[in-house]
Amino acid sequence: MIDQADKEADKKEDRVFFDLWMKGDPKGFSTIYDKYKKRLFGFLIKMTCDKGLAEDLMQETFFAALRNAHQFDRNRSLLSWFFGIAHKKAIDHFRHAKVEFEHQKEAEKSVGSKIDVPDKDTENKRIRELVNEAVLTLDPLQREVFLLREMGGIAFKDIAKTMGCPINTALGRMRLALRNIRKELEKRGVHGV
Amino acid sequence: MVCNQWDEKGLLFSANELNDTDFAEYKAHIETCEFCKKELDVYNKEKITLFAPAMFEEAPPASVDEEIIRVCSNPVKPTATTFFIPAFIKNTIYAILVLTVGFGGGTYFMGVRIASKAKKQDSNIVKNETTPVESEIAGKTVDIASNQDQINDSLRSNDTLIKRENEIPIKGAIPVELKNE
């Protein structure tokens, strides 16, 4: 289970740097950005399956955060706030472009060419690749819930609100996501944890 | 054996989103339910290994980092000439100003129009000059009047005639007293 004390300490630290940012101290924003940039960028890549698009959306996310910084509720998690903006940007992009989320085969095709895997030891690298592949094979709605929960740490009730569905629907999608990821990992030779 | 309690509460329990009562109930439940206990254990392990955020993180290119830091490091500050008012209050004030100016301006112009129209009507009543049409009508009225006078005169003369005829004794009847001797 997630350690609540760690979460609260994290929130407190974020608030300090957020206040510095608002006062115009460059250290404030750069600390926050360095802390969350990889997670946000990874999320956008998984959502879009397109690195170039993810780069554009990454910039749009932070520019939007800057414009709306004065409306940020300081009692809220900064990471959840960034994820909410990034998620909205990704969804809006697809809505405007009238592009449907890629189906399973398209996602599998795109993985090798567009996903950058950082340099790690061989076994970890292999598992990481396989997990990413498995996530990209998910139905888009299942993928969305899974990424918002596991990468963004967003509460299920907030995920349901963001996606415009009842909480039971969000929970159902998450259960299916977990089941399908495990099935895909087993197909690729990863059994259990 | 599948337990539907996992479907209903398991994930929420794991995310610490259950209220105190449900949390305590489910915690007691997993002590006795093998299925829920197993599911919870597997999921908790996956969260720190396979599903840890680091598994999905990707570093953005340096050019993207530079641009974002360049633009976002200094937040927009309120200037001396602008007030820091929440957006919705500002918009409400603007809307009220627009409505007031629009309504006031419209009322003023309507009033000016009505006043000028009334003034025009008053000045028409006071003037003695008639319009050409009115003169023409006036002339014809006079003509009619003079004609009527003539007609009346003739009628009066006819009346006199009739009266005289009535007074005139029977034709041929000459009152001659001498005729009877």
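The values are calculated or read from the model by the stated rules, or taken from the named source; none is laboratory data. Note that the coordinates shown come from a computational prediction; the quantities given were computed from them, not determined experimentally. Every residue, glycine among them, receives a Cβ derived from its backbone with ideal geometry; neighbour counts consider all protein chains shown.
Exactly one residue out of A:90, A:65 is surrounded by 11 or more Cβ atoms within 10 Å (Cβ to Cβ), away from chain B (no Cβ under 14 Å) and modelled with pLDDT of 90 or more: that is A:90. When segment B:34-68 is filtered for residues that are part of a loop (DSSP other than H, G, I, E, B) and either surrounded by 17 or more Cβ atoms within 10 Å (Cβ to Cβ) or touching a residue at least 40 places away in the same chain (Cβ under 8 Å) (or both), the ones remaining, listed by number, are B:50, B:51, B:56, B:57, B:58, B:60.
Within segment A:13-27, can one find any residue that is closer than 17 Å to residue B:53 by Cβ and modelled with pLDDT of 95 or more? Among the residues of segment A:13-27, not one is closer than 17 Å to residue B:53 by Cβ and modelled with pLDDT of 95 or more, which makes the answer no. The sole residue among A:42, A:24, A:28 that is within 9 Å of chain B (Cβ to nearest Cβ), small (Gly, Ala, Ser) and part of a loop (DSSP other than H, G, I, E, B) is A:24. With the structure loaded, tell me whether residue A:50 is facing chain B (nearest Cβ under 8 Å), at pLDDT below 95 and within 21 Å of residue A:133 (Cα to Cα) or whether it fails that test. Criteria not met by residue A:50. Residues in segment A:145-186 that are surrounded by fewer than 17 Cβ atoms within 10 Å (Cβ to Cβ) and under 22 Å from residue A:95 (Cα atoms): A:161, A:164, A:165, A:166, A:169.
Restricting segment A:7-21 to residues that are acidic (Asp, Glu) and within 20 Å of the chain's Cα centre (by Cα) leaves a set whose member that is nearest to the other protein chains (Cβ to nearest Cβ) is A:10. Among the numbered conditions (1) farther than 17 Å from residue A:154 by Cα; (2) basic (Lys, Arg); (3) facing chain B (nearest Cβ under 9 Å), the only one that residue A:95 does not meet is (3). Checked against (1) within 12 Å of chain B (Cβ to nearest Cβ); (2) in a loop (DSSP other than H, G, I, E, B); (3) more than 14 Å from residue A:80 (Cα to Cα), residue A:138 passes all but a single condition, namely (1). When segment B:12-67 is filtered for residues that are of a type in the set (Val, Ile, Thr), within 8 Å of chain A (Cβ to nearest Cβ) and over 23 Å from residue A:172 (Cα atoms), only B:64 remains. When segment A:141-167 is filtered for residues that are aliphatic (A, V, I, L, M), over 14 Å from the mean Cα position of the chain (by Cα) and facing another protein chain (nearest Cβ under 10 Å), only A:167 remains.
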